[in-house]
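Participant: The following block contains the structure, expressed as structure tokens.
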Amino acid sequence: MEAIAFYVLAVLAVASAIVVIVHRNPVMSALALAVNLVTIAGFYLVLRAQFVALLQVIVYAGAILVLIVFVIMLLNLREELKARSPGTFQKWLGPILALVFAVVLGRAMLAHAAPSFPAPVPGFGTAAALGIDLFSRFYYPFEVVSLLLVVAMVGAVLLAKRRL
Amino acid sequence: MEPRLVLAVSAVLFTLGVLGVLLRRGAITILMSVELMLNAANLAFIAFSRQAGTAEGQIYVFFVMTLAAAEAAVGLAIVIALFRLKGTTDVDEVSLLKW
Amino acid sequence: MLKLIALIPLLPLLGVAVNGLWGARISRRAVGLVACGVVLASLLLSAGAVWELANLPPGERHTEVSIGTWLPLGEAAGVSRPLRIDWGFALDPISAVMILVVCGVGFLIHVYATGYMAHEEGFARFFTYMNLFVSMMLTLVLGSNLLVMFVGWEGVGLCSYLLIGFFYDRPFDERTGMSCADAGRKAFLTNRIGDFAFLIGVLYLATTFGTFGFREIAEAVAHGGHGGALLAGVGILLFIGACGKSAQIPLYVWLPDAMAGPTPVSALIHAATMVTAGVYMVTRMSALYAAAPAAMAVVAAVGAMTAIFAATMGVTATDIKKVLAYSTVSQLGYMFAAAGVGAYVAAMFHLMTHAFFKALLFLAAGSVIHGLAGEQDIRRMGGLREKMPATFRTFVVAALAIAGIVPLAGFFSKDEILWGAWASGNRGVWLVLATTAGVTAFYMWRLAFLVFYGKFRGDGHAWEHAHESPRSMTVPLIVLAALSVVGGWIGIPKVLTGSVDLNFFHRWLAPAVAGPGAHGAGEAAAHGAGTEVGLMALSLAIALAGIGLAFLVYRRKEGSADRLAVAFGPAYRTLRNLYWVDELYDAAVIRPFYALSRGFAAFDRIVVDGLVNAAGVGADITGQVVKLFQTGYVRNYALVFLAGAVAVLLYLASL
């Protein structure tokens with residue numbers, strides 16, 4: 001059951017990601033990204049991280065993606081013009097490097113992969129388990145991140161405002 | 001389902017994000033590609049969290065999401081400012097910072 | 001007052017401060033009063049100190065004061081006790097003579113200068129420099145160690161430079177196209193050569209003996225144990241310094257050009273005081289020289305050569321001050337010859353009398369120049385005794401004194417030198433000096449006849465305006481004339497007075513100088529009084545012959561000088577062009593130096609600048625290449641970023 005879900009999700013995720021980077025219409029890209037984000041949330045569920053899956057849907061699909069779509073609509077972006085060639089250099093070296101990168105990164109990650117997942121710990125991935133850690137061991141980073149959000153908010157307002 | 005497969009998916013998604021950043025010109029598409037990369041990284045975190053049976057990986061994902069939200073807010077603000085200035089979101093149009 | 005000798009050089013500094021800081025704001029009269037006043041104060045203080053010194057027993061006439069530590073150096077190399085250099089001043093019979101001459105003649109010349117410079121720009125500047133000079137000269141002669149002396153040594157050199165170039169905007173010499181500023185520079189640079197050797201000698205002495213003090217050095221030399229070659233080397237190095245300062249061969253070339261300065265400067269610095277610093281230094285280091293016969297031989301030879309060489313150049317000079325300048329070089333050679341044969345007392349004696357009559361000659365010449373509104377060429381003078389009686393009379397006294405006519409000052413001092421040379425066995429030196437005496441009498445009386453006798457050869461306008469100088473100028477002349485007459489009487493040789501010893505000067509100085517210093521009483525007995533008296537008569541005859549020859553050529557048969565010049569054409573041209581020494585230096589030193597400098601300049605321009613420019617061009621080219629990476633396209637940057645990330649990952653994976 002999990003395996004089937006995983007394969008379906010994997011196909012969906014890769015396909016939607018390809019659409020995101022290939023489609024010329026940013027609105028379509030955004031919609032494909034939405035699919036991608038939801039599939040990622042599915043992966044989380046399969047991996048027993050329920051709380052994070054929930055956050056994924058709320059924060060990404062609910063907030064970030066809406067923001068992106070909103071900006072696209074606001075700027076009334078049309079289809080991207082026929083891409084002026086970024087230069088043969090960029091065009092060939094980019095994918096090659098990306099491929100090398102994927103191989104190296106994959107090898108590095110796979111080197112640490114266990115043959116199979118262990119039996120889940122009771123309470124793993126619940127909001128309670130995460131919350132206890134977050135507000136005890138990670139309390140200080142948590143507060144710093146809240147500061148980061150404030151700064152980002154102020155910065156965004158400052159940048160986007162026509163005139164202060 | 002094995003950890004290797006999840007990690008493989010993560011690597012593929014990340015590489016696709018990289019390609020998007022390298023090859024697309026629209027600023028918003030590039031931002032979306034960045035989100036792809038961040039999600040791929042998150043997936044790897046969750047996989048390792050699941051493999052180790054500890055919560056740290058999930059905590060990191062939590063922080064990465066916050067970061068992504070901040071990045072999206074500031075990045076989109078920059079896109080808006082850029083659009084106001086140039087009338088386009090084509091990043092090749094903003095190449096003034098050079099010789 | 002012996003405790004106050006440090007004040008003697010410091011008092012004129014007060015004048016420097018006042019005239020230097022406020023000279024432009026106070027009246028000329030006040031400037032002159034301050035300048036003369038501080039020198040007079042020094043003179044009175046000096047007189048008092050010397051009087052107290054004279055009341056001490058002869059063996060104890062030495063006093064030293066220190067007004068502070070200058071350089072508290074650690075232990076010198078090879079010397080166990082620490083080396084400490086004080087601002088020390090010492091008064092002994094030698095420096096007593098010097099301070100009286102410097103302050104006395106200096107005061108008279110200051111008074112004279114208030115009249116001479118009355119119509120010149122920069123009145124206060126002039127007296128600032130003059131006071132500074134007096135201060136430095138007194139530091140030089142009173143310093144109790146070589147370094148304090150060196151301070152004065154360089155200080156007077158500086159003042160000399162400043163005062164030679166006083167009229168820095170005026171041309172000076174038509175033959176060489178030199179300006180007054182150039183003349184000052186020439187003097188300064190020539191002195192640098194000598195000072196360089198002097199400093200090396202001083203430092204060599206210090207590292208050898210571990211002290212800079214004169215007394216300590218003298219004691220160390222007397223103690224013995226040091227190589228003769230080392231002492232001779234140091235002696236010669238110090239003497240090269242003296243050659244620069246006192247205008248001896250080969251460094252004399254600056255002194256004739258130093259006449260670019262105002263006449264009081266020529267009288268004070270370039271006749272009476274500064275140029276005698278070398279003689280003073282050699283006398284001061286007599287202990288060292290006494291232990292180094294080779295160095296003494298060099299001193300004697302250079303002195304005698306300079307004496308005759310400069311005297312012959314004086315024969316053909318036509319500038320009134322240049323005649324006197326060559327005369328000064330020649331007389332300084334006399335003094336060095338005396339020191340070189342060990343007759344230090346005679347050298348100091350001649351130094352003193354020379355200060356009187358040469359200062360007088362210069363001041364009289366200045367009076368003539370002043371009266372003729374700046375004319376210096378003796379071919380456009382003549383018959384001035386009618387217009388300037390006081391100047392004329394004093395000039396004649398000085399000319400007789402320098403020629404060595406009994407009983408004027410020059411006779412006694414010159415004769416003591418000649419006797420010293422003869423008695424020490426240096427007959428060659430004696431012969432050269434005796435010849436020089438004749439030449440001296442000749443050129444000095446040539447000057448006198450051409451300036452004061454005959455008919456005026458300038459234009460009538462100048463003749464009408466010719467006038468005697470003001471009292472501020474003639475009074476110093478008269479005082480100096482009196483000194484030129486009586487100045488020699490303190491050193492009358494014993495042979496002339498029989499059993500009574502009237503040679504006060506000798507008794508005063510002899511204990512203070514080392515070695516055979518006293519070629520007088522003792523040696524005279526050995527060689528026989530008859531010889532001494534005979535030589536005296538001979539030199540007197542030589543002097544009279546010189547005067548007589550001058551009379552014949554320039555007075556009795558006017559125009560015969562020109563016929564002689566034609567008859568001895570090559571010789572005349574050689575003298576007229578001063579043996580082409582300036583030209584020789586130009587070809588042998590200055591041109592190669594310039595060529596070398598140009599070579600270095602080219603090296604600097606091509607190689608050094610080339611390297612610098614190459615560095616710049618290299619950076620530019622590198623930048624031109626590297627900037628191509630800076631496309632401005634963020635995607636390019638992202639690509640490079642990715643490449644970096646791949647590289648890091650590969651590196652980490654390889655670990």
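The values are calculated or read from the model by the stated rules, or taken from the named source; none is laboratory data. These numbers were taken from a predicted model, which means no experiment stands behind them. Methodologically, a virtual Cβ is constructed for each residue, glycine included, from the backbone with ideal geometry; neighbour enumeration extends over all protein chains shown. Ligands, DNA and RNA are excluded from the accessible area calculation, which covers all protein heavy atoms including side chains. Shrake-Rupley method; radii C 1.70, N 1.55, O 1.52, S 1.80 Å.
Participant: Any chance segment C:447-469 includes a residue that's within 21 Å of C:Tyr334 (Cβ to Cβ) and aliphatic (A, V, I, L, M)?
Facilitator: yes
Participant: Separate question: When the residues of segment C:235-249 are filtered to those that are more than 19 Å from C:Gly155 (Cβ to Cβ) and touching a residue at least 60 places away in the same chain (Cβ under 8 Å), which remaining residue is most open to solvent (accessible area, probe 1.4 Å)?
Facilitator: Residue satisfying both the conditions and the ranking: C:Ile236.
Participant: Moving to a separate point now. Looking at C:Gly458, is it of a type outside the set (D, E, K, R), in contact with an Asp or Glu (Cβ under 7 Å, 6 or more places away or on another chain), surrounded by fewer than 24 Cβ atoms within 10 Å (Cβ to Cβ) and in contact (Cβ under 8 Å) with a residue 12 or more places away in the chain? Don't jump to the end; show me each part of the working.
Facilitator: Working: of a type outside the set (D, E, K, R): yes; in contact with an Asp or Glu (Cβ under 7 Å, 6 or more places away or on another chain): yes; surrounded by fewer than 24 Cβ atoms within 10 Å (Cβ to Cβ): yes; in contact (Cβ under 8 Å) with a residue 12 or more places away in the chain: yes.
So C:Gly458 fits the description; yes.
Participant: Yes or no: C:Arg635 open to solvent by 90 Å² or more (accessible area, probe 1.4 Å) and either assigned to a helix (DSSP H, G or I) or farther than 27 Å from C:Ile249 by Cα (or both)?
Facilitator: When the stated conditions are applied, C:Arg635 does not pass them.
Residues are listed down the side, and each one gets a yes or a no for (1) away from chain B (no Cβ under 14 Å); (2) open to solvent by less than 80 Å² (accessible area, probe 1.4 Å):
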{"position": "C:Leu611", "(1), (2)": "yes, no"}
{"position": "C:Gln630", "(1), (2)": "no, no"}
{"position": "C:Leu639", "(1), (2)": "no, yes"}
{"position": "C:Val646", "(1), (2)": "no, yes"}
{"position": "C:Tyr651", "(1), (2)": "yes, no"}
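Participant: I would also like to ask the following. What's the number of the condition C:Asp195 fails, among (1) within 13 Å of C:Asp257 (Cα to Cα); (2) open to solvent by less than 10 Å² (accessible area, probe 1.4 Å); (3) of a type in the set (Asp, Glu)?
Facilitator: (1)
Participant: Now a separate question. I'd like to check something: does segment C:401-410 contain any residue that is open to solvent by less than 10 Å² (accessible area, probe 1.4 Å), closer than 26 Å to C:Asp173 by Cα and not hydroxyl-bearing (Ser, Thr, Tyr)?
Facilitator: no
Participant: Can you name every residue in segment B:23-41 that is closer than 30 Å to A:Pro115 by Cβ and either more than 7 Å from chain A (Cβ to nearest Cβ) or in contact with a Cys (Cβ under 8 Å, 6 or more places away or on another chain) (or both)?
Facilitator: Selection gives B:Met37, B:Leu38, B:Ala40, B:Ala41.
Participant: Are there any pairs, at least 6 apart or on different chains, whose C-beta atoms fall under 6 Å, with the first in segment A:82-109 and within 7 Å of chain B (Cβ to nearest Cβ) and the second assigned to a loop (DSSP other than H, G, I, E, B) and at pLDDT 85 or above, and if so, which?
Facilitator: Within 6 Å, no pair qualifies.
Participant: Could I ask something else about it? What pairs come out if I take residues in segment B:62-89 that are more than 8 Å from every other protein chain (Cβ to nearest Cβ) and pair them with residues that are modelled with pLDDT under 90 whose C-beta lies under 6 Å away, six or more apart or interchain?
Facilitator: B:Lys86/B:Glu93
Participant: Can I ask one more? Go through segment A:17-45 and count every residue that is facing chain B (nearest Cβ under 7 Å) and either aromatic (Phe, Trp, Tyr) or more than 15 Å from the chain's Cα centre (by Cα) (or both).
Facilitator: Of the residues in that region, 3 qualify.
Participant: A further question follows. What tally of residues in segment B:70-99 results from selecting those that are out of contact with any helix residue (DSSP H, G or I) (no Cβ under 6 Å at 6 or more places or on another chain) and farther than 22 Å from A:Arg162 by Cβ?
Facilitator: 5
Participant: Could you grab me the full set of residues in segment A:1-13 that are out of contact with any helix residue (DSSP H, G or I) (no Cβ under 6 Å at 6 or more places or on another chain) and not aromatic (Phe, Trp, Tyr)?
Facilitator: Those that are out of contact with any helix residue (DSSP H, G or I) (no Cβ under 6 Å at 6 or more places or on another chain) and not aromatic (Phe, Trp, Tyr): A:Met1, A:Ala3, A:Ile4, A:Val8, A:Val11.
Participant: With respect to B:Gly20, determine if the residue is within 7 Å of chain A (Cβ to nearest Cβ), closer than 18 Å to A:Gly94 by Cα and touching an Asp or Glu at 6+ places or on another chain (Cβ under 6 Å). Give the steps one after another, and end with the answer.
Facilitator: On the way: within 7 Å of chain A (Cβ to nearest Cβ): yes; closer than 18 Å to A:Gly94 by Cα: yes; touching an Asp or Glu at 6+ places or on another chain (Cβ under 6 Å): no.
Taking the combined requirement at face value, the residue does not satisfy it.
Participant: Moving to a separate point now. Could you list, ordered by first residue, the pairs with Cβ atoms under 8 Å in which the first is in segment B:26-43 and farther than 17 Å from A:Leu31 by Cβ and the second is of a type in the set (S, T, N, Q) and assigned to a helix (DSSP H, G or I), at least 6 apart or interchain?
Facilitator: From segment B:26-43, the pairs are B:Ala40/B:Ser10; B:Ala41/B:Ser10; B:Asn42/A:Gln56; B:Leu43/B:Ser10.
Participant: So, one more: Here is a check on your reading of the model: is A:Tyr44 over 13 Å from B:Leu36 (Cα atoms) and surrounded by 20 or more Cβ atoms within 10 Å (Cβ to Cβ)?
Facilitator: In short, yes.
Participant: In addition: Among what's in segment C:355-395 and is at pLDDT 90 or above and open to solvent by 30 Å² or more (accessible area, probe 1.4 Å), pick the residue that is nearest to C:Val97 (Cα to Cα).
Facilitator: C:Arg393
Participant: Which condition does B:Gly57 not pass, out of (1) under 14 Å from A:Val52 (Cα atoms); (2) facing another protein chain (nearest Cβ under 7 Å); (3) open to solvent by less than 20 Å² (accessible area, probe 1.4 Å), if it passes all the others?
Facilitator: (2)
Participant: Considering segment C:388-406 alone, what residues qualify as being farther than 11 Å from C:Val451 by Cβ, not in a helix (DSSP H, G or I) and not β-branched (Val, Ile, Thr)?
Facilitator: Restricting attention to segment C:388-406, the residues satisfying the condition of being farther than 11 Å from C:Val451 by Cβ are C:389-390, C:393-394, C:397-398, C:400-406.
Filter once more, so that each one left must be not in a helix (DSSP H, G or I): C:404-406.
Selection gives C:Gly404 alone.
Participant: Then there is this: On the basis of being closer than 30 Å to C:Gly228 by Cα, in a helix (DSSP H, G or I) and either open to solvent by 10 Å² or more (accessible area, probe 1.4 Å) or without any contact (Cβ under 8 Å) to a residue 12 or more places away in the chain (or both), does C:Ala277 make the cut?
Facilitator: no
Participant: Counting only residues that are among the β-branched types (Val, Ile, Thr) and more than 7 Å from every other protein chain (Cβ to nearest Cβ), how many does segment B:42-54 have?
Facilitator: Total meeting the criteria: 1.
Participant: Out of all the residues in segment A:63-81, which are at pLDDT below 85 and more than 7 Å from every other protein chain (Cβ to nearest Cβ)?
Facilitator: A:Asn76, A:Arg78, A:Glu79, A:Leu81
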